[in-house]
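The next block holds one structure in the form of structure tokens; read it before the comments.
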Amino acid sequence: MIAMRNSSNQTANSKISQVIEAFDQRCGSCQRLPLVGERMLLFADGSELCELCSIDRSEAAISVSRVCSEEARGTVRLLGSLSGRSSQ
């Protein structure tokens, strides 16, 4: 019973590791995995930094992207009401 539990835990841990590696978007400076909703900034030298580490950079980022969860990729979410339209 214990051997079976250890085997299933190892399998689950292996799958989790594979998912993390597949969507690994670590900060190029602190190596931290950013949280969902955080911004990642790409600089001209190719470095991709989290918002916290990018504060130390003097040059502007060439691209900014927001980290989203794997479940939310490809979905659209309305964040506010449309101006000039009533909600019915």
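If the condition is being in contact with a strand residue (DSSP E or B) (Cβ under 7 Å, 6 or more places away or on another chain) and either at positive phi or assigned to a strand (DSSP E or B) (or both), then the range 41-72 contributes L41, L42, E48, L49, C50, S63, V64, S65, R66.
Within the range 1-40, the set of residues being at pLDDT below 85, outside any helix (DSSP H, G or I) and acidic (D, E) comprises D24 only.
The values are calculated or read from the model by the stated rules, or taken from the named source; none is laboratory data. Note that the structure is predicted; figures quoted are calculated from it, not measured. Note: ideal-geometry Cβ built from the backbone for every residue, glycine included; neighbour counts use all protein chains shown.
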